[in-house]
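Asks: Structure in C-alpha cells, see below.
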Amino acid sequence: MRLAPRSLAGRLTLAAAVLTLVALVGAGLAIGFILQRFVTQQVEQRLDAQTTTIADALERDPDGRLRLSRNVDGPPFDRRRSGWYWRVDEEGAAVLRSGSLGDEGFESGRRRPLPAPFDPRWREPKPKMDEGRGPAEEPLIVRATRVDVGGRPVDIAVAAPFGAVAGPMRDALRPLVLSLAAVGLGLVGASLLQVRFGLTPLRRLREALGEVRAGRAARVPDDQPAELKPLASELNALIEQNAAGLASARLHVANLAHGLKTPLATLSVALDDPGRDPDGALRAEVDRVERRIRHHLARARAAALGGPQRMRTELKPRIDDLAVALKAIHAGKTLSIAIDVADDIHVACDPQDVDEMAGNLLDNACKWARGAIVVHARRSDAQVALTISDDGPGLPEDALPEAMLPGRRLDETTPGHGFGLSIARELAELYGGGLTLERGPAGGLAARLTLPAQD
C-alpha cells in the first residue's frame, strides 16, 4: 500500500506538513523544558532563600533550646495550609514550625548541607528538589537541609505546593500551544502556496505539450526555468526527430503507393477483358494483394503520424486555396464555387493529405460541373463532414459503388486516370473517416468526406 501521494504537489505538501509538525513539536518541547526549568528555579530560589533566612535566625537560649531570633514567617508562610511550609527538626522531632502548619506536619525530602550565606557555592547549580506530602496529602516540593546550630545538627525542611510549578507552567503552555498551532497552520498554508507557485512552470510545460500534441504549436517554448530547460530541449529534439521520421515515412509511403498501386490497377483493368479470368481466381488474388497493400500502408502511416491527435489543420484556408487553383486550371469553363465552411472548423489531418483529398474531390467536381459547385462543411461531435456537390449529370445509383474502384473510369471522354476518388477514400480511411457518393441537391454528384475533428 502506497503511503506517499502520487503527485509531486501532494508529496511536497506532505513533506512540508510532516517537517513543520516535527519542528513545532520539537520547539514546543524545548520551550516547555526551558519554561519548566525557569519556573522550577524560581521556586527553588525562593525555598533556598527561606532556608537561609531560617538558618540565620536560629539560635539557642541559655537552656540550649532552639529558638528564632526574629520572625521568619513572611507571606505566604503565614497563611494556614497555604502549601508553603517550613519545619525545624532536632533529633528527629519537630521543634519549630511555620505559621501555615500550625500543629500539623508534612513529609520532608532528603537532607543536604546548606552553604553558609555569601558562600561561592550559592552560585553553583542547585540540587533537584524532592517530593513530599502536606497535611491534606497534597503534593509538595520539599527542600531539606542540615545545618549546625550551637554545635549540634539541626534539620530544616522548606516546602512549596506542587501547583507553584504546575500552575505557571499550565498558564504559560496553553497560549504557547495555541501560538504554535497558529504558526503551524500558517507554515502549512505558506508551503501550499510555495508548492503551487513552484510547480507552475511544470503545469505550463504540460499545457505547452498539449498544444504541440493538438497541433496548435510546433515546439515547446524555450523560455523555461533553469531546472526545466534541459527537459524542454530534449522534448523539442524529440518533436523534431518525430517530424523528420514523419517526412521520411511519408516519402516511403508515397513511393510504395506509386510503385505498386498503378501496376496493380492496370492488372485489375486488364482482368476485366472477356476470357482473361474466366473463373475469377486472378481477380480474387489481385483484390487480396490490394487489401494487403492498403493494410500495410495504413499501419506504416499510422505509426509515422503517431495518431491524428497531434495534427491540426484549419479547413477553410485549404479549401479557399484549392478553389482558386482549380478555377485557374479549369479556366476554359465558367465555374462558380460557393464555399460554406466555418472559420473555426479544424480537422486532425496532415495539411498535405487534406489538400490531396479535397483537391481530388474538387477537381472531379470541376470536370463534371456545368457551372456551379457548392462546398459545405459542418462539424458533428468528433467528426467533420465536408460535402462537395456539383450541378453536372451525376451518376446512377447502381454506378456509385463502381466509381470508387481504383482505375475505374465511367466516362473515357473526360481526361483522368480514375484514381482520384479511390485515393481520397483510402486517405480518409487511414484517419478513421470515409468517403461516400450520393446524388446532390442540384442533380449532380455529391461527395461526402468525413474526417476526425480537432479542437
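The values are calculated or read from the model by the stated rules, or taken from the named source; none is laboratory data. Note that the structure is a prediction, hence the values are computed from the model and not measured. When we count neighbours, we look across all protein chains shown, and the Cβ atoms used for this are built from the backbone with ideal geometry, even at glycine. These area figures cover heavy atoms from the full protein model, side chains too; ligands, DNA and RNA do not enter into them. Shrake-Rupley method; radii C 1.70, N 1.55, O 1.52, S 1.80 Å.
Asks: Within 30 Å of residue 80 (Cα to Cα) and surrounded by 12 or more Cβ atoms within 10 Å (Cβ to Cβ): is that true of residue 212 in this structure?
Replies: In short, no.
Asks: Got a sec? Which of 241, 224 is open to solvent by 90 Å² or more (accessible area, probe 1.4 Å), modelled with pLDDT of 80 or more and within 53 Å of the chain's Cα centre (by Cα)?
Replies: None of the other options fit; the residue is 241.
Asks: Select from the stretch 59-73 the residues that are in a loop (DSSP other than H, G, I, E, B), within 18 Å of residue 148 (Cβ to Cβ) and open to solvent by 100 Å² or more (accessible area, probe 1.4 Å) and list them in ascending order.
Replies: Across the stretch 59-73, the qualifying residue is only 65.
Asks: For the stretch 30-45, how many residues meet the condition of being under 18 Å from residue 171 (Cβ atoms) and open to solvent by 80 Å² or more (accessible area, probe 1.4 Å)?
Replies: So the answer is 6.
Asks: May I pose another question? Filter the stretch 373-392 for residues that are over 15 Å from residue 440 (Cα atoms) and β-branched (Val, Ile, Thr) and give the result.
Replies: Selection gives 384 alone.
Asks: Output the number of the condition that residue 423 fails; it satisfies all remaining conditions of (1) open to solvent by less than 60 Å² (accessible area, probe 1.4 Å); (2) at pLDDT below 85; (3) within 19 Å of residue 373 (Cα to Cα); (4) not polar (S, T, N, Q).
Replies: Result: residue 423 fails condition (3) only.
Asks: Okay, moving on. For residue 304, work out the one condition from (1) open to solvent by 60 Å² or more (accessible area, probe 1.4 Å); (2) at pLDDT below 70 it doesn't fulfil.
Replies: Every condition holds for residue 304 apart from (1).
Asks: Sticking with this structure for a sec: Is it the case, given these coordinates, that residue 444 is at pLDDT 80 or above, buried (at least 21 other Cβ atoms within 10 Å of the Cβ) and under 44 Å from the mean Cα position of the chain (by Cα)?
Replies: No; evaluated as a whole, the condition is false for this residue.
Asks: Restricting to the stretch 244-263, give me the number of residues that are at pLDDT 75 or above and farther than 30 Å from residue 208 by Cβ.
Replies: Result for the stretch 244-263: 1.
Asks: Do you know which of the residues in the stretch 1-29 that are in a loop (DSSP other than H, G, I, E, B) and either of a type outside the set (A, V, I, L, M, F, W, C) or over 50 Å from the mean Cα position of the chain (by Cα) (or both) is surrounded by the fewest Cβ atoms within 10 Å (Cβ to Cβ)?
Replies: Checking each candidate, the answer is 2.
Asks: Then there is this: Tell me, which residue of the stretch 374-407 that is assigned to a loop (DSSP other than H, G, I, E, B) and open to solvent by 60 Å² or more (accessible area, probe 1.4 Å) is modelled with the lowest pLDDT?
Replies: That would be 405.
Asks: Of the residues that sit in the stretch 319-373 and are assigned to a strand (DSSP E or B) and free of Cβ contacts under 8 Å to residues at least 60 places away in the same chain, which one is surrounded by the most Cβ atoms within 10 Å (Cβ to Cβ)?
Replies: 373
Asks: Provide a single number: the residues in the stretch 74-107 that are of a type in the set (Lys, Arg) and outside any loop (DSSP other than H, G, I, E, B).
Replies: The qualifying residues number 2.
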